[in-house]
Amino acid sequence: MAIERKWWKEQVIYQIYPRSFKDSNGDGIGDINGIISKLDYLKLLGVDIIWLSPIYQSPNDDNGYDISDYYAIHPEFGTMEEFDMLLKGLHDRNMKLIMDIVVNHSSDEHKWFEESRKSKVSPYRDYYFWREGKDGGPPNNWQSFFGGSAWELDKTTGEYYLHIFSKKQPDLNLENEKVRNEIFKILEFWLDKGVDGFRMDVVSLISKRLDFVDANQPTFGKVVEEVYSNGPRVHEYIKEMYDTVLSKYDIMTVGEGPGITTDVGLDYVGHDRGELNMIFHLDHMFLGFGPKGRFDQVPYNWNDVKNIFKDWYDAMGDSGWVSIFLDNHDFARMVSRFGNDKLFRIESAKLLSMLVLTMRGTPCIFQGSEIGMTNVRAEDISEYRDVETINFHKEFVTEGMSTFDFINIANITGRDNARTPIQWNDSPNGGFCDADDEPWIGVNSNYESINVKQALSDRGSVFYFYKELLHLRKNAPALIYGNWEVIDQESDNLYVYKRYLENEAYLVVLNHSDEHVAVDIEHIKAKILVISNYDNRMTQVLLPWEARLYKLLNV
Ligand code: TEU
Ligand code: CA
């Protein structure tokens with residue numbers, strides 16, 4: 001089949017984590033007016049679709065992924081009128097906004113849960129999963145993503161409730177049609193306000209295996225895949241959302257899919273499935289996660305990444321679609337994780353941007369990656385804000401790990417690495433908030449050298465490399481719809497692939513290492529170097545982290 005042409009395949013997503021983007025009112029917390037003040041910056045960069053992490057009413061146990069009112073804007077972020085101004089500001093600039101919708105769970109401070117926990121006969125009781133304990137403990141051995149049991153005993157009724165994430169994030173029971181109808185109303189509310197779609201938080205988890213048998217997988221990752229994800233009614237639920245609401249609007253949906261493997265990917269995004277437009281699969285993002293998850297690090301390398309990209313390209317074929325990304329608010333900064341943020345920060349940040357923007361899939365750029373922002377180095381556990389990091393610190397220290405050792409791991413893989421305030425300039429607090437304001441989380445100490453103001457003044461900055469590549473991609477159907485063929489992913493440190501469509505073709509040559517690497521492309525005579533991260537080099541030896549995009553002629 002010929003690949004279907006869609007606007008959401010041609011455009012590029014930019015993720016804003018509002019809490020850390022820009023503070024406009026001096027409380028040290030990013031807000032909607034702060035985002036509005038930066039819309040021209042985003043337009044200059046050339047991104048199209050803004051994915052806004054949750055801005056709803058929330059007690060912020062998980063920074064907004066614990067929603068207590070799906071119809072209200074958290075006062076910390078601003079008002080509904082300001083939201084409407086943001087949406088208009090984007091639409092006036094021919095940009096789009098997708099909301100982050102979290103329907104796998106709500107906050108425990110949502111009125112539904114407050115009612116549900118009151119009594120076993122509450123009309124809201126089966127909005128959530130309540131079970132009797134077993135042998136004096138939880139109903140089964142399921143563990144939370146954030147450490148500890150996935151069940152919490154509620155003393156009022158003596159039963160346990162399920163929370164695959166924090167104990168303040170009780171899982172919603174979509175078996176209950178009333179819950180599904182509540183979800184349809186929420187989707188319609190935001191779509192009728194004019195939003196352009198949704199990023200659907202952990203959509204792969206929304207159907208539970210109701211026998212709740214113990215998990216006996218060797219790693220937490222396998223528990224996610226085989227026990228929490230791809231449940232018996234997941235496609236029925238997504239199809240119902242699509243048929244009942246989503247299909248009635250010209251919008252896009254991207255499902256976040258922990259546990260979605262290549263063999264089930266098309267079930268979610270096949271062009272004829274009537275479910276989602278695309279997914280964020282997490283196979284490459286969970287690399288390094290050991291048996292006990294992200295703080296139990298195991299080795300991995302670029303070959304693992306390249307194999308995953310090929311497996312997913314093959315799995316999607318011309319029918320499915322994924323978003324291409326290397327970081328977001330849940331993972332370390334990509335230049336620190338996949339590049340070299342010490343010796344070759346700028347070169348490797350540019351190389352990674354070329355990969356994200358030349359693969360087949362909708363690119364998703366995480367805020368700050370366009371200026372090569374890096375991981376942050378914490379010295380004390382009190383610097384962390386992330387519930388996952390804080391919970392696992394307690395768990396690992398209880399098991400005998402020193403706080404010092406835990407911090408060293410969290411500095412590599414903790415989610416707060418991605419959540420430090422955007423560095424707008426070299427003034428105190430990086431211009432995220434005023435000098436005398438206290439940001440909700442510390443600003444990375446490298447803000448004086450890594451910031452937007454510096455980037456905009458330097459034509460050789462990572463920013464302008466992104467801008468040029470974004471412009472290129474928009475005008476190159478082969479980079480959007482083209483077939484992808486790997487030319488070399490075996491040679492150490494080399495990643496060479498082609499994109500081609502009808503009579504247009506490109507060659508991408510990447511040296512993802514600190515080494516000098518020989519590459520054999522001399523035999524490809526008819527080619528023009530379109531963009532590279534070093535000055536016009538034509539040799540057969542690639543410098544460390546050298547990235548080249550060639551246009552092939554006479555194809
Ligand atoms: O993330 C789910 C998810 O897969 C990651 O959180 C990751 O698996 C986790 O950090 C374990 O390492 C989504 C949101 O993106 C995340 O911010 C929320 O914390 C989570 O769901 C719960 O809503
Ligand atoms: Ca603020």
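The values are calculated or read from the model by the stated rules, or taken from the named source; none is laboratory data. The structure presented is a predicted model; accordingly, all values stated were derived computationally and were not measured. Virtual Cβ from ideal backbone geometry, glycine too; neighbours counted across all protein chains shown. Calculation scope for accessible area: heavy atoms of the full protein, side chains included, ligands and nucleic acids excluded. Shrake-Rupley method; radii C 1.70, N 1.55, O 1.52, S 1.80 Å.
Listed values, structure above:
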quantity	calculated
Residues within the range 526-549 that are outside any loop (DSSP other than H, G, I, E, B) and either over 33 Å from the mean Cα position of the chain (by Cα) or within 16 Å of residue 352 (Cα to Cα) (or both), tallied	9
Complete set of residues in the range 194-224 that are within 12 Å of ligand 1 (Cβ to nearest atom) and closer than 13 Å to residue 291 by Cα	220, 221, 223, 224
The range 1-55, subset away from ligand 1 (no atom under 16 Å from the Cβ) and of a type in the set (Lys, Arg), residue most open to solvent (accessible area, probe 1.4 Å)	5
Unmet criterion (only one of (1) closer than 14 Å to residue 550 by Cα; (2) assigned by TED's automatic domain parsing to the domain that holds residue 360) for residue 456	(1)
Unmet requirement for residue 438, which otherwise passes all of (1) open to solvent by less than 10 Å² (accessible area, probe 1.4 Å); (2) within 15 Å of ligand 2 (Cβ to nearest atom)	(1)
Tally, over the range 266-276, of residues that are away from ligand 1 (no atom under 16 Å from the Cβ) and out of contact with any Leu (no Cβ under 8 Å at 6 or more places or on another chain)	7
Residue check for residue 75: within 16 Å of ligand 1 (Cβ to nearest atom) and assigned to a loop (DSSP other than H, G, I, E, B)	no
First in the range 64-78 and farther than 14 Å from residue 109 by Cα and within 13 Å of ligand 2 (Cβ to nearest atom), second anywhere and hydroxyl-bearing (Ser, Thr, Tyr) and open to solvent by less than 10 Å² (accessible area, probe 1.4 Å), Cβ under 8 Å, 6 or more apart	73/56
Test for residue 401: is it open to solvent by less than 10 Å² (accessible area, probe 1.4 Å) and out of contact with any Gly (no Cβ under 6 Å at 6 or more places or on another chain)	no
Residues that are of a type in the set (D, E, K, R) and more than 16 Å from residue 331 (Cα to Cα), drawn from the range 293-318	304, 306, 310, 311, 314, 318
Number of positions in the range 247-271 that are part of a loop (DSSP other than H, G, I, E, B) and of a type outside the set (Gly, Ala, Ser)	7
Conditions (1) open to solvent by less than 50 Å² (accessible area, probe 1.4 Å); (2) closer than 25 Å to residue 396 by Cβ; number of the one not met by residue 167	(1)
Filter result (at pLDDT 95 or above, basic (Lys, Arg) and open to solvent by 10 Å² or more (accessible area, probe 1.4 Å)) within the range 521-555	551
Failed condition for residue 92, given (1) surrounded by fewer than 19 Cβ atoms within 10 Å (Cβ to Cβ); (2) under 23 Å from the mean Cα position of the chain (by Cα)	(2)
Test: residue 259 is buried (at least 22 other Cβ atoms within 10 Å of the Cβ), under 14 Å from residue 205 (Cα atoms) and modelled with pLDDT of 95 or more	yes
Verdict on residue 385 being open to solvent by 10 Å² or more (accessible area, probe 1.4 Å) and in contact with a strand residue (DSSP E or B) (Cβ under 9 Å, 6 or more places away or on another chain)	no
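A quick yes/no check of all residues on (1) free of Cβ contacts under 8 Å to residues at least 60 places away in the same chain; (2) open to solvent by less than 40 Å² (accessible area, probe 1.4 Å):
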site	(1), (2)
452	no, yes
461	no, yes
485	yes, no
516	yes, no
519	yes, yes
